[in-house]
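A short reminder: the numbers here are calculations on the coordinates, not readings from a lab. All figures in this text were calculated on a predicted structure; none of them were measured in a lab. Please note: Cβ atoms are built from the backbone with ideal geometry, for glycine as well, and neighbour counts cover all protein chains shown.
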Amino acid sequence: MTGANRGIGRDVCRRLAALGHTVLLTARSPEAAKTAATELGPNVHPLHLDVTSDDDATRVAAEVAERFGTLDVLVNNAAITYDTWQRAATADLDIVREAAETNLYGPWRLVQAFLPLLRESAHPRIVNVSSEAASLTNMGGGTPAYNASKVALNALTRMLAAELRTDRILVNAVCPGWVATDMGGPGGRPVSEGAASVVWAVTLPGDGPTGGFFRDGRPLPW
């Protein structure tokens, strides 16, 4: 799980560990990853991972292969730049590029790095944590860097689902809703409710949906 030392990611790790799963908690800060994993118990293992780094993706994939031999689920949760101060017409494109590096290219590079391990799993899943803000059906203005990067993540989800169907890999995008986190700010739903949506996608049965966009287990419009 990427971006998992706090907020939704941390709670997803907690829930999965409580269900008996071996959980790999990653964060850009090795200290933050270690602290969170220690607090969550022995089923949670910390890994240092910057999703914007090709070298980190390669290194962590090799480490997971050596220690565990396979990977059942990749949860792409790390995200940045909820740019409420920007508008598309005047957006700083450097900020847009920076957001895309984490929110789009990060998940993309990790899928490529971990695909051989996912193919070795009997329960392969890719869960991309997206946002209803990326729904073209309901989209308005504002937060252009975040929204555009999440729209692209949804497109990547659809492409991967189609391409990996023959490998039995379920690939879905999940919106946790507006959650009270450091990024979402106060006033949102509890972290536990957002995390539950992600856990639902992680634990889908083999005949579960793929190529979908969900919140609380229910489809969202693209």
Report summary line: Quick calc, T38 & R168: beta-carbon distance into FRET formula, R0 30 Å, rounding 0.05, result 0.30
Report summary line: Going from the fewest other Cβ atoms within 10 Å to the most, one would list M139, M1 as M139, M1
Query raised in the report: Considering only the other residues whose Cβ falls under 10 Å of the Cβ of T2, what net charge follows from Lys and Arg at +1 and Asp and Glu at -1?
Result: 0
Query raised in the report: D55 to R6: extension gain in nm, 0.36 nm per residue of separation minus the Cα-Cα distance?
Result: 15.3 nm
Report summary line: In the neighbourhood of R28 defined by beta carbon distances under 12 Å, the net charge of the other residues (Lys, Arg +1; Asp, Glu -1) is -2
Report summary line: Two pseudo-spin positions, 7 Å from Cα along C-beta at H123 and at L136, lie apart in nanometres by 3.5
Report summary line: Gyration tensor on Cα atoms of segment 7-219, a ≥ b ≥ c root eigenvalues, a/c under 1.5 rounded, else prolate if a/b beats b/c, else oblate, says rounded
**Report entry** Lys/Arg +1, Asp/Glu -1 at C-beta; segment 115-222 dipole; positive extreme among V174, A201, V151
**Finding:** V151
Report task. Please get the size of the charge dipole for segment 1-157, origin at its Cα centre, with Cβ charges of +1 on Lys and Arg and -1 on Asp and Glu, quoted in debye to the nearest 20. Result -> 400
Query raised in the report: With Cβ to Cβ distances under 11 Å as the rule, what net charge do the other residues near V51 carry (K, R +1; D, E -1)?
Result: -2
Query raised in the report: How far apart, in nm, are the 7 Å Cα→Cβ label points at D94 and R218?
Result: 4.4
Requested in this report: Calculate the dipole size of segment 56-122 relative to its Cα centre from +1 charges on Lys and Arg beta carbons and -1 charges on Asp and Glu beta carbons; express the result in debye to the nearest 20.
Outcome: 140
Query raised in the report: Considering the chain as a Gaussian network with a 10 Å cut-off on Cα pairs, which listed residue, N147, N103, N138, attains the greatest mean-square fluctuation?
Result: N138
Requested in this report: Give me the distance between the Cα centres of segment 1-41 and segment 127-151, rounded to whole Å.
Outcome: 25
Query - Share of Cα-Cα pairs in segment 1-89 lying beyond 21 Å, as whole percent - result: 30
